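The values are calculated or read from the model by the stated rules, or taken from the named source; none is laboratory data. In this text, all values refer to a predicted model and were calculated from it rather than measured experimentally. Please note: Cβ atoms are built from the backbone with ideal geometry, for glycine as well, and neighbour counts cover all protein chains shown. The accessibility values were calculated without ligands, DNA or RNA, using every heavy atom of the protein model including side chains. Shrake-Rupley method; radii C 1.70, N 1.55, O 1.52, S 1.80 Å.
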Protein chains: 2
Amino acid sequence: MAEGTTRRGRSLVHADPAAVPLQDALDALADPVRRSILRELAGEPDFTRSCGTFDLPVSKATASHHFAVLRSAGLLEQVDKGPRRLNRLRRAEFEARFPGLLALVLAEERAGDA
Amino acid sequence: MAEGTTRRGRSLVHADPAAVPLQDALDALADPVRRSILRELAGEPDFTRSCGTFDLPVSKATASHHFAVLRSAGLLEQVDKGPRRLNRLRRAEFEARFPGLLALVLAEERAGDA
């Protein structure tokens with residue numbers, strides 16, 4: 001962890017991916033904006049993208065909700081660094097819990113980009 | 001096909017699983033009643049269970065909607081045989097389109113039964 005970050009800060013509750021119900025995972029992934037967040041994160045180093053840097057077609061409050069849903073579903077780890085909330089895609093943990101599921105979401109991007 | 005069945009009858013539109021968008025698949029699977037239909041079907045021979053034989057906690061109209069959503073998402077093949085609409089889980093086709101996804105849904109049953 002870089003200096004100045006607080007991993008799992010007081011206000012950030014992280015789900016244990018091993019305990020996430022399939023219902024929560026499917027609910028989280030059934031939203032196209034949330035899938036776009038995951039795909040964008042997949043292309044960047046861990047904890048380099050803050051929530052505010054995503055160009056999402058929703059209000060700030062709705063964007064915050066989307067990040068919270070992804071965190072609850074075991075898909076994101078977040079750390080607060082000063083005013084910025086940095087994100088990491090929990091790729092390995094989620095894959096261990098739901099084999100193949102995140103890969104489908106990330107592959108959807110490549111299809112759309114082609 | 002057994003005598004008396006009409007595969008892909010006039011009123012039954014079947015999706016090409018290869019062309020189903022991930023959004024449609026996730027929407028179909030994000031409903032617990034629809035997942036329960038798939039799990040029940042997975043344990044039975046093809047085209048032996050009619051829609052009316054599922055004990056679902058919803059109205060008849062809602063149940064019909066659920067079957068239609070599953071068919072549209074490439075998860076079910078249905079044939080009408082007299083008054084009965086028989087179902088087949090399109091396991092191989094759906095697996096080819098979305099590797100691992102249906103397996104997660106069917107594994108959810110085994111966890112719940114254990």
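Treat the stretch A:19-113 as a sphere of radius equal to its Kirkwood radius over Cα pairs and apply Stokes-Einstein at 37 °C in a medium of 0.692 mPa s; give the translational diffusion coefficient in µm²/s, rounded to a whole number.
Rounded, D is 244 µm²/s.
Given charges of +1 on the Cβ of Lys and Arg and -1 on the Cβ of Asp and Glu, with all other atoms neutral, how large is the dipole of the stretch B:19-113 about its Cα centre, in debye to the nearest 20?
Values: 14 positive and 14 negative charges, 56 e Å.
Approximately 260 debye in magnitude.
Modelling each spin label as a point 7 Å along the Cα-to-Cβ direction, I'd like the B:Asp16/A:Leu106 distance in nm, to one decimal.
2.9 nm
Give the separation of the Cα centroids, the stretch B:94-108 to the stretch A:76-106, in Å.
Between the Cα centre of the stretch B:94-108 and that of the stretch A:76-106, the gap is 21 Å.
Net charge near B:Val20: determine it from the other residues with C-beta under 15 Å of the C-beta of B:Val20, scoring Lys and Arg +1 and Asp and Glu -1. The partial results should precede the final answer.
Values: positive: B:Arg34, B:Arg71, B:Arg90, B:Arg91, B:Arg97; negative: A:Glu108, B:Asp16, B:Asp24, B:Asp27, B:Glu77, B:Glu93, B:Glu95.
My count for the surroundings of B:Val20 gives -2.
Show me, for the stretch A:47-62, the HN-Hα J-couplings you get by feeding each phi into the Karplus relation (A = 6.51, B = -1.76, C = 1.60, θ = phi - 60°), rounded to Hz, glycine and proline as x.
After applying 6.51 cos²θ - 1.76 cosθ + 1.60, I find 6, 10, 9, 8, 4, x, 8, 8, 8, 10, x, 9, 5, 4, 5, 5 Hz.
Based on Cβ point charges of +1 for Lys and Arg and -1 for Asp and Glu, what charge dipole magnitude is obtained for the protein assembly as shown about its Cα centre, in debye rounded to the nearest 20?
Numbers: 34 positive and 32 negative charges, 56 e Å.
Using only the charged Cβ atoms, the result is roughly 260 debye.
If I histogram all Cα-Cα distances within the protein assembly as shown using bins 10 Å wide from 0, what percent of pairs lands in each bin?
Percent of pairs per bin, in order: 7, 30, 30, 19, 10, 4, 1, 0.
Ballpark to the nearest 100 Å², how much total accessible area do B and A bury together, probe 1.4 Å?
The B and A chains share an interface burying roughly 1200 Å².
For every helix of n ≥ 4 consecutive DSSP H residues, a contribution of -39,500 (n - 2.57) applies; sum these over chain B, divide by its total residues, and give [θ] at 222 nm rounded to the nearest 500 deg cm²/dmol.
-13500 deg cm²/dmol
Place the label 7 angstrom along Cα→C-beta at A:Pro99 and in each other copy, then list the distances from the first to the rest in nm, shortest first.
1.2
With a probe of 1.4 Å, find how much accessible area the stretch B:23-114 has per residue, and write the answer as a whole number in Å².
46 Å²
How much of the accessible area of chain A, in percent, comes from carbon and sulfur atoms when a 1.4 Å probe is used?
Ligands and nucleic acids excluded, carbon and sulfur give 52 percent.
Which lysines, on any chain, are close to A:Lys81 with Cα under 24 Å apart, when same-chain ones fewer than 8 places away are left out?
Counting by Cα, and skipping residues close in sequence, A:Lys81 has these lysines nearby: A:Lys60.
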